[in-house]
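Presented below is the structure to which this report refers.
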Amino acid sequence: MTEPHQIVFLFDVDNTLLDNDRMKADLGDYVSRTFGAKDRDLLWALYEEERVKHGYADFLGTLERFRLAHLEDLRVMELANWVVDYPFADRLYPGALDAVRHVSQWGLPVILTDGDGVYQPHKLERAGLIAAFGGHVLNYVHKETELDAVAKAYPAKHYVLIDDKLGVLDSVKRSWGSTVTTIFPRQGHYANDPKILKDLPPADIGIARIADLMQHDFGTAVPA
């Protein structure tokens with residue numbers, strides 16, 4: 001049996017390490033310039049339908065449905081290439097990788113993300129995150145329901161979960177209790193929507209941005 005780590009740091013990606021809101025804004029601007037505002041609205045309507053259907057942001061499914069609605073427009077191929085070639089490394093939050101290196105002095109950093117099995121790994125690769133985490137990546141549809149799998153893949157005496165979704169942090173806290181420390185970076189639209197936050201308890205630690213993780217010492221995170 002694998003010897004458990006003292007601490008495993010579980011990092012979300014979208015709007016935690018990487019500014020996904022900025023990517024979506026860039027995509028919306030591109031579609032608006034190329035196809036027009038009406039088709040931009042169509043893209044986001046399809047995106048929301050796919051997100052509700054699958055439980056995660058299905059960009060590939062969204063692009064395919066958008067393509068089927070524009071089969072006679074050759075520019076739709078350029079849209080797919082725009083998304084695939086997007087410079088995700090330029091959208092890492094300032095200090096994100098420094099924060100990962102900072103916590104590695106106390107434990108193992110691991111990516112814990114939601115997404116499909118093609119686009120999400122591609123995004124992580126393009127952003128340089130797979131290399132930065134030494135290949136330690138877990139990708140689920142609903143990560144908060146896969147905690148047994150997480151613990152099996154990376155057994156630890158204690159976990160630290162860093163995520164911009166307070167609902168995810170609350171769900172994991174209710175499951176793991178004192179075994180996990182939850183950290184809430186107030187980045188992105190989910191982390192700053194009063195309607196989403198109003199009925200949720202606070203995380204163990206709140207930070208304004210991911211770089212603020214470097215102000216914390218996790219040397220006493222594991223009880224003696």
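In table form, for the structure just shown:
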item	result
Computed label-point distance, nm, for sites L68 and T220 using a 7 Å Cα→Cβ extension	5.8
Helical contribution to [θ] at 222 nm, DSSP H n ≥ 4, -39,500 (n - 2.57), averaged over the chain, rounded to 500	-12500 deg cm²/dmol
Order by protection proxy (mean Cβ within 10 Å, highest first), peptides 117-130, 189-202	117-130, 189-202
The stretch 65-202, relative contact order [Cα under 8 Å, separation at least 6], %	16
Area of S32 that stays accessible when all protein chains are in place (1.4 Å probe, Å², to 10)	40
Pairwise label distance in nanometres, D212 with V118, each label 7 Å out on the Cα-Cβ vector	3.9
Lysine pairs meeting the criterion (Cα under 18 Å, 8 or more apart or interchain), as found in the stretch 99-222	10
Alpha-carbon centroids, the stretch 1-47 and the stretch 115-184: separation in whole Å	16
Near-label residues of the stretch 47-61 by backbone N, under 17 Å of a point 7 Å along Cα→Cβ of M77	none
Rg over Rh, two decimals, the stretch 62-155 (C-alpha only, Kirkwood Rh)	1.08
Inter-probe distance in nm under a simple model that places probes 7 Å from Cα toward Cβ, at D90 and N192	2.2
By accessible area with a 1.4 Å probe, ligands and nucleic acids excluded, highest first: order of R101, R91, R67	R101, R67, R91
Whole-percent carbon and sulfur share, accessible surface of the chain, 1.4 Å	53
For the stretch 15-101, accessible area per residue (1.4 Å probe, heavy atoms of protein chains only), Å²	52
Length released on extending from A131 to D204, taking residue separation times 0.36 nm less the Cα-Cα span	23.4 nm
Net charge dipole size for the chain [Lys, Arg +1 and Asp, Glu -1 on Cβ; Debye, nearest 20]	280
Calculated Rg/Rh (Cα atoms, Kirkwood Rh) (choose from (i) 1.00; (ii) 1.02; (iii) 1.07), label	(i)
FRET E, pair K24, R174, Förster distance 22 Å, beta-carbon r, rounded to 0.05	0.15
For q = 0.11, 0.17, 0.19 Å⁻¹, Debye-computed log10 I/I(0) when each Cα of the stretch 92-224 counts as one equal scatterer	-0.39, -1.01, -1.31
Percent of C-alpha pairs per 10 Å bin, the stretch 173-223, short to long	21, 47, 29, 3
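The values are calculated or read from the model by the stated rules, or taken from the named source; none is laboratory data. Here the structure is a predicted model, which is why all the values come from computation and not from measurement. So basically every Cβ, Gly included, is an ideal-geometry build from the backbone, and we count neighbours across all protein chains shown. Side chains are part of the model used for accessible areas, which takes the heavy atoms of the whole protein and leaves out ligands, DNA and RNA. Shrake-Rupley method; radii C 1.70, N 1.55, O 1.52, S 1.80 Å.
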